[in-house]
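The values are calculated or read from the model by the stated rules, or taken from the named source; none is laboratory data. Note that the coordinates shown come from a computational prediction; the quantities given were computed from them, not determined experimentally. Because the Cβ atoms are built from the backbone with ideal geometry, glycine has one as well, and the counts that use them run over all protein chains shown. For the accessible areas, the whole protein counts, side chains as well, though only heavy atoms, and no ligand, DNA or RNA atoms are used. Shrake-Rupley method; radii C 1.70, N 1.55, O 1.52, S 1.80 Å.
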Amino acid sequence: MLSHRWETKEPALHDVQDKVVYDLDPVGTMVKLQTFCKLARDAGHHWAWSDTCCIDQTNNIELQRSVNSMFVWYRESALTIVYLSDVPPSSTSGALAYSAWNTRGWTVQEFLAPNVILFYRNDWSLYLNDRSPNHKKSVAIMKELEDSTGINAQALVAFHPGMTGAREKLRWASTRATTLQEDIAYSLFGIFGVHLPVIYSETKQNALGRLLQEIVARSGDITALDWAGTSSQFNSCLPADISSYKLPPCTSPFLSEGQIRMSVASLQNATVAELALTLYTRLDSLSPPRFANCRLQLPCTIFPITEVRRSRGQGQESSFTYYVKADGLQDLSITTEARLVQFSSARPTNQTFLLIRPWNRSDLELPDFADNQSVAALSIPWSLSTHSLGDSQEYEPIDTISRSRPLRLIGRLGQPFGARLPAQQRGGTYKYSESHLQALRLIVRLGQPFGALLLAQQHGGEYNRIASDKNIIARVRDMAAVRDMMDVRMLEIL
């Protein structure tokens, strides 16, 4: 199969159908097709495929099938030949990174899907004169492709389609371009393993919106909501353009096990532990996100905004910076193209504004039963003993938990939470149950900075997302103030 950048006039199906390709006039891009076929034949193959002339572009049914099958075809090809028309024979390492081929939307799946691939320069000599039978095994070429695309070498060599790591895959495509605007979404169908209708003329926003809706609806992965830029007309929680995923994803700081334990130790109050358990139960009972008909049902933690004040000294700029106060959160600033209503407790507004934290079930540390190691990891071989008359803290083994019997813990966590209150020991210490410890670990994670979404309520009770120019980084004011995190709901966003 051929992977290349389309040029001005490429041979179409009617140009080659029922003809011997080598007998056709060798002018223009016909030479590219003839040379590709000759290379495939010399490599011992009886058939060659090029998207320019092996798809009837006038047949909508065939076009639909081809777009949805393209990834599989490249995956099953015996050899994929990449033609770099703008890389001269004198080129050295680095030329691949600057080739126009490396900027196109469709070529992402064309180098991820194949198992065997060879890169050729514009004179049809092998790139870097690498004569190995498969350039996916060339450390130098894969390193160059990794550096220029941001796709790690493991994925380049052995990519598996699917919805895992959706945000990262969207970032791969964020700098790519396609001739037809809808193709920026269609070219990702195979990468995510989805089959959707191909509707040219539907607009880029609609095509990308349908893809992202499918990803969220089927996988429950909300990382596709992590972007900055302009909202889509399809749904305000989605971006209008794939380039909105260029920014690195908003991730909470990494906490080592030791840091988590020390933070849990700082939550010394038995009431905090019980509130944490209640919050854990509420979050555990939330339904996954639902996305259909352009309406998103999003589980989230809600922080009502109490004050919005525009920064002084701003004139006719296209973006504005606002200082925002919200219940339970540290004060923060937001930069957006939207003109927000300014209000405070002294000058209230009738419209409700919220900062929300979309809920991610991975924060519950529930086991993935496909991974036996995750079951064992949930066994917590320590309890918290906090002395009320001093700062010394120590961790003691929990006699009732055995590393060899983690499924008993899983069974208990799977039951409705009704765990006993932390038992106060002699000397003012507390001994927490496994369920309380799990809930306190959740509070520690919720106390870290997170990517927030700004919402404005509409007349029908639904919400619209107000897009921002940068990620909105929020943080709870006091990790121990669990009541400030208790408002968890499912919101409908248009």
(request) Set Lys and Arg Cβ to +1 and Asp and Glu Cβ to -1, take the dipole of the chain about its Cα centre, and tell me which of 265, 6, 141 lies farthest positive. (result) 265
(request) Figure the gain on full extension for residue 462 and residue 175 (residue separation times 0.36 nm, minus the Cα-Cα span) and round it to one decimal in nm. (result) 100.0 nm
(request) Could you look at the chain and say what percent of its accessible area is carbon and sulfur, using a 1.4 Å probe and all protein chains? (result) 51 percent
(request) Would you indicate which of [x] 49; [y] 33; [z] 44 is the value of percent of Cα pairs over 37 Å apart derived from the coordinates of this structure? (result) [z]
(message) What distance in nm separates the two pseudo spin-label positions at residue 158 and residue 86, each 7 Å out from Cα along the beta-carbon direction?
(response) 3.4 nm
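Relative contact order for the stretch 101-220: what is it in percent, counting Cα pairs under 8 Å that are at least 6 residues apart?
Numbers: 116 pairs, mean separation 32.1, N = 120.
Taking the mean separation of contacting Cα pairs over the length of the stretch 101-220, I get 27 percent.
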(request) Can you grab the distance from the C-alpha centre of the stretch 69-134 to the C-alpha centre of the stretch 16-32, Å, no decimals? (result) 22 Å
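Hey, if we sort 143, 136 by accessible area with the 1.4 Å probe, largest down, what's the order? Intermediate values should be presented prior to the final figure.
Numbers: 143 100, 136 10 Å².
So, going from the largest accessible area down, we get 143, 136.
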(message) Need one number: nm distance between label points at residue 255 and residue 202, each 7 Å from Cα along Cα→Cβ, rounded to one decimal.
(response) 4.1 nm
(request) Take 54, 237 and sort them by solvent-accessible surface of the protein heavy atoms, 1.4 Å probe, largest at the top. (result) 54, 237
(message) Using the Cα centre of the chain as the reference point, and only Cβ charges (+1 on K/R, -1 on D/E), how large is the resulting charge dipole? Debye, rounded to the nearest 20.
(response) 1140 debye
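Shape call for the stretch 151-247 from the C-alpha gyration tensor, a ≥ b ≥ c root eigenvalues: rounded (a/c under 1.5), prolate (a/b greater than b/c) or oblate?
On the way: a/c = 1.40, a/b = 1.30, b/c = 1.08.
Because its axes are fairly even, with a/c under 1.5, the stretch 151-247 counts as rounded.
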(message) Give me the 1.4 Å probe accessible area per residue for the chain, excluding ligands and nucleic acids, in Å².
(response) 48 Å²
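Would you please give the FRET efficiency between residue 12 and residue 489, computed as 1/(1 + (r/R0)^6) with r the Cβ-Cβ distance and R0 = 51 Å, to the nearest 0.05? Intermediate results must be reported in sequence, preceding the final value.
Working: r = 54 Å, r/R0 = 1.06.
For R0 = 51 Å, the calculated efficiency reads 0.40.
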